[in-house]
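Peer 1: Handing you a structure now.
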Amino acid sequence: MTVCKFGGSSLADEKQIRKVKAILDVDERRSIAVVSAPGKRDRNDEKITDMLYECNALAQQNRSCRPVFDRIAHRYIEIAKALKLDVDRLSMALDDIRHNIDAGRGGDYTASRGEYLSGQLMASYLGWEFVDPADYIVINGDGTVNPLTYERLSARFAEGGHYVMPGFYGATEQGVVKTFSRGGSDISGAIAARAADADLYENWTDVSGMYAADPRIVEDARVIEDLTYTQVRELSDVGASVFHEEAIAPVFEKGIAINIRNTNDPQAPGTMIRPDSATSGLVGISGKGGYSKLKLRKLMMFKRPGMRHALLTMLHLYGVRPSYSLFGIDSIVWFFESSQASDSVLGAMTERLKKDFALDDVTVERGHAILGLVGGHMDQSTAFIDACSALRDAGIRINCVNYGSSNTTTLIGVGETDCNRAVQVIYKALF
Ligand code: ASP
């Protein structure tokens, strides 16, 4: 059987929802649908989830969420009317939710109601059973999925019916509604696929798969037909955003294939993501700005045991958690997300590092970007050398490289202002 997850754009209005039904009707293996909250109908529209967070912000200030909530209610009612569903029942559910938000049920409950209502609507429209993830998906305090989830959800799906489950949320072990991070319905879909022991996890969105480069940067970027779990994880880590990077973990162990598909172009085969295999060649390039570079230098630095660990512990105290590292003979470079620390925090941190570790030099530089060349056997391919030559020819300076630590990805650091141009130049030269 197949688990299908539909993203917000696939549920944005009546027209989109009809497309979802047609997709489900055409293949009887598609028996579990996981749904997001309605997304934007056009570029200037609002996402229901964003509006719900606004409602919560109002409630936190002891103000009524009504002005924003009325717009949310209007969208659901419009959809229900167009699909000829029971509007009275929906209005009652909406009133209930508005009262709960105003009563201060909090951000997770409030945000989760977008998916909850979407799931209710879809279940009645399709005539499928509604499964509330708050009763099945147990989310630990740190956001990870509690194994109890699979016991409970597998038993529910074992009845072999047709189910609609809202994405994005579950509950704590104590039964309090809790959401995943933004875009988390991908994770819910993967959980459902694993619990149902699905043959395939289809992830329906508004693009025809993962692209070899961000199509907003490279206009004619092509869709990647086949990818491995690791390649998706590593592409997402350096900025590709089609699929939530945490959504690989639930299907990883069972090796369930993921197919990224386009609700607006259901004939397109999309991108197939499969368990890791011995593929080779370059599949994609992505880049992400917003990094700072911390450089530490001290003669004979690594002669002191535990130095690296002690330095990292100090960084954590200031909220800095490096994403990438480079080690020299007497130096360390760490790249971290600039948003993790303000200038004054960084100032205090560098002072303390210098003093406590008697460092010869500490510098922090903002404005960096990291590019990832992702493929198979990257450590044996010429892609890296070709990319470097293309950057040199375009006059783009390389600030760092990480080659050989993974055979899936080679990382290249450039200035943030060069990031998009670097992606274009490399795409043109290598694809
Ligand atoms: N609606 C949620 C969000 O906007 C979750 C999702 O769509 O995956 O982040």
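The values are calculated or read from the model by the stated rules, or taken from the named source; none is laboratory data. The model shown is predicted, which means the values in this text are computed figures rather than measured ones. Neighbour counts are summed over all protein chains in view; Cβ atoms, including those assigned to glycine, are modelled from backbone coordinates with ideal geometry. For accessibility, only protein heavy atoms count, side chains too; no ligands or nucleic acids. Shrake-Rupley method; radii C 1.70, N 1.55, O 1.52, S 1.80 Å.
Peer 1: On a straight-distance basis, which lysines could pair with Lys303 in a cross-link, Cα separation under 16 angstrom, same-chain partners fewer than 8 positions away excluded?
Peer 2: none
Peer 1: Using the heavy atoms of the protein chains alone and a 1.4 angstrom probe, what is the accessible area of region 3-84 per residue in square angstrom? The partial results should precede the final answer.
Peer 2: Numbers: 4010 Å² over 82 residues.
Spelled out: the 1.4 Å probe surface of region 3-84, per residue, equals 49 Å².
Peer 1: OK, next. So what is the 222 nm mean residue ellipticity for the chain from helices alone, if each DSSP H run of at least 4 adds -39500 (n - 2.57) and you divide by all residues, rounding to the nearest 500 deg cm²/dmol? Don't jump to the answer; show the numbers that get you there.
Peer 2: Working: 13 runs with 160 residues, N = 431.
Calculated mean residue ellipticity at 222 nm is -11500 deg cm²/dmol.
Peer 1: On to the next question. Residue by residue through region 326-332, which ³J(HN,Hα) values in whole Hz follow from phi under the Karplus form 6.51 cos²θ - 1.76 cosθ + 1.60 (θ = phi - 60°), with glycine and proline marked x?
Peer 2: Calculated HN-Hα couplings, in order: 9, 10, x, 5, 10, 8, 10 Hz.
Peer 1: Okay, moving on. Would you mind pulling out the separation of the Cα centroids of region 292-313 and region 1-37, in Å?
Peer 2: For region 292-313 versus region 1-37, the Cα centre distance is 51 Å.
Peer 1: Right, next: For helix 66-82, what angle does its Cα long axis make with the longest principal axis of the chain, in degrees from 0 to 90 and rounded to 10?
Peer 2: 60 degrees
Peer 1: Now, a different point. Just want the answer: with Cβ charges of +1 for Lys and Arg and -1 for Asp and Glu, which residue in Ile191, Asn140, Ala221 is farthest toward the dipole's positive end in region 126-229?
Peer 2: Farthest towards the positive end: Asn140.
Peer 1: Right, here's the next one. Just to confirm the number: angle between the C-alpha axis of helix 107-126 and the first principal axis of the chain, 0 to 90 degrees, nearest 10?
Peer 2: 50 degrees
Peer 1: Can you give the accessible area per residue of region 333-431, in Å², using a 1.4 Å probe? Walk me through the numbers on the way to the answer.
Peer 2: Numbers: 4640 Å² over 99 residues.
Heavy-atom accessible area per residue stands at 47 Å².
Peer 1: Also: Which one, Ser124, Tyr53, Leu317, projects farthest toward the positive side of the charge dipole computed for the chain from Cβ point charges (K/R +1, D/E -1)?
Peer 2: The Cα lying farthest towards the positive end belongs to Leu317.
Peer 1: Calculate the length of the line joining the C-alpha centroid of region 239-280 to that of region 364-412, in whole Å.
Peer 2: 24 Å
Peer 1: Okay, next question. Please list, in chain and number order, the residues 5+ apart from Arg30 or on another chain whose amide H is under 5 Å from its amide H, with Hs placed from the backbone.
Peer 2: Here the answer is Thr2, since their amide H atoms fall under 5 Å of that of Arg30.
Peer 1: Under 12 Å from the Cα of Lys81, which aspartates and glutamates turn up, not counting those fewer than eight places away in the same chain?
Peer 2: Asp13, Glu14
Peer 1: Students sometimes get this wrong: rank Ile77, Ile258 by accessible area, probe 1.4 Å, all chains present, largest first. Before the final figure, lay out the partial values.
Peer 2: Working: Ile77 40, Ile258 0 Å².
Reading off the accessible areas and sorting them downward yields Ile77, Ile258.
Peer 1: With the cut-off at 15 Å, report for region 370-431 the share of all Cα pairs above it, as a whole percent. List each step's numbers first, then the result.
Peer 2: On the way: 787 of 1891 pairs.
Here the tail beyond 15 Å accounts for 42 percent of pairs.
Peer 1: With angles folded into 0 to 90 degrees, how steeply does helix 48-60 sit against the dominant principal axis of the chain? Use alpha carbons for both and round to 10.
Peer 2: 90 degrees
Peer 1: Given a 1.4 angstrom probe, I'd like the percentage of the accessible area of the chain that is carbon and sulfur, rounded to a whole number.
Peer 2: Details: 9350 of 19630 Å².
Summing carbon and sulfur atoms, their accessible area is 48 percent of the total for the chain.
Peer 1: Here is a further query. Using DSSP loop states and a limit of at most 14 other Cβ atoms within 10 Å to flag GluC sites (Glu not before Pro), what is the longest stretch of the chain containing no flagged site? Spell out each step's value before the answer.
Peer 2: Details: sites that count: Glu28, Glu159, Glu173, Glu219, Glu225, Glu253.
For GluC sites (Glu not before Pro) (loop position, at most 14 other Cβ atoms within 10 Å), the longest site-free span of the chain is 254-431.
Peer 1: Using the Cα centre as the reference, give the magnitude of the dipole from point charges on the C-beta atoms of region 85-162 (Lys, Arg: +1; Asp, Glu: -1; all else neutral), rounded to the nearest 20 debye.
Peer 2: Details: 6 positive and 13 negative charges, 15 e Å.
In debye, rounded to 20, region 85-162 gives about 80.
Peer 1: Continuing with the same structure: Rounded, prolate or oblate, given the Cα gyration tensor of region 42-104, with a/c below 1.5 counting as rounded? Don't skip to the answer; put the middle values down first.
Peer 2: Values: a/c = 3.25, a/b = 1.36, b/c = 2.40.
Oblate, since a/c reaches 1.5 and b/c is not below a/b.
Peer 1: If you don't mind, there's one more thing I want to ask. Under unit Cβ charges (Lys, Arg +1; Asp, Glu -1), what dipole magnitude, rounded to 20 debye, does the chain have relative to its Cα centre? Spell out each step's value before the answer.
Peer 2: On the way: 49 positive and 56 negative charges, 194 e Å.
Result for the chain is approximately 940 debye, rounded to the nearest 20.
Peer 1: Output the lone cysteines of the chain: those with no second cysteine's C-beta under 4.7 Å from their C-beta.
Peer 2: Cys4, Cys388, Cys400, Cys419
Peer 1: Tabulate in residue order the Karplus-calculated ³J(HN,Hα) for region 149-155, using 6.51 cos²θ - 1.76 cosθ + 1.60 with θ = phi - 60°, rounded to whole Hz; enter x for Gly and Pro.
Peer 2: 3, 6, 4, 5, 6, 4, 4
Peer 1: For the cross-link pairs Lys288/Lys354; Lys21/Lys254; Lys15/Lys178; Lys293/Lys354, which exceed 24 Å when the distance is taken from alpha carbon to alpha carbon?
Peer 2: On the way: Lys288/Lys354 29 Å; Lys21/Lys254 28 Å; Lys15/Lys178 30 Å; Lys293/Lys354 16 Å.
Cα-Cα > 24 Å for Lys288/Lys354; Lys21/Lys254; Lys15/Lys178; rest within.
Peer 1: Positive end of the dipole of region 302-408, charges at C-beta (+1 Lys, Arg; -1 Asp, Glu), about the Cα centre: which of Asn407, Ser389, Val362 has its Cα farthest in that direction?
Peer 2: Val362
Peer 1: Sticking with this structure for a sec: Which value, in debye to the nearest 20, describes the size of the charge dipole of region 202-266 about its Cα centre when Lys and Arg Cβ atoms bear +1, Asp and Glu Cβ atoms bear -1, and nothing else is charged? Provide the component values of the computation, followed by the final result.
Peer 2: Working: 5 positive and 13 negative charges, 21 e Å.
That gives a dipole near 100 debye.
Peer 1: Semi-axes, largest first, in whole Å: what does sqrt of 5 times each Cα gyration tensor eigenvalue give for region 86-163? Don't skip to the answer; put the middle values down first.
Peer 2: Numbers: eigenvalues 115, 86, 11 Å².
In descending order the semi-axes read 24, 21, 7 Å.
Peer 1: Could you give each residue of region 418-425 its phi-based ³J(HN,Hα) in whole Hz, using Karplus coefficients 6.51, -1.76, 1.60 with θ = phi - 60°, and x for Gly or Pro?
Peer 2: 3J(HN,Hα) across region 418-425, in whole Hz: 8, 4, 5, 5, 5, 4, 4, 5.
Peer 1: Let's test this: bin the Cα-Cα distances of region 335-403 at 5 Å from zero up to the farthest pair and state each bin's percent.
Peer 2: Result, from short to long distances: 3, 12, 18, 15, 14, 12, 10, 11, 4 percent.
Peer 1: Let me ask something else. Dividing the convex hull volume of the Cα atoms of the chain by its residue count, what figure in Å³ per residue is obtained?
Peer 2: Values: hull volume 71.8 nm³, N = 431.
For the chain, the hull spanned by Cα atoms encloses 167 Å³ per residue.
Peer 1: List the residues whose amide H sits under 5 Å from the amide H of Val401, counting only those 5 or more places along or on another chain, with H placed 1.01 Å from N in the peptide plane.
Peer 2: Gly413
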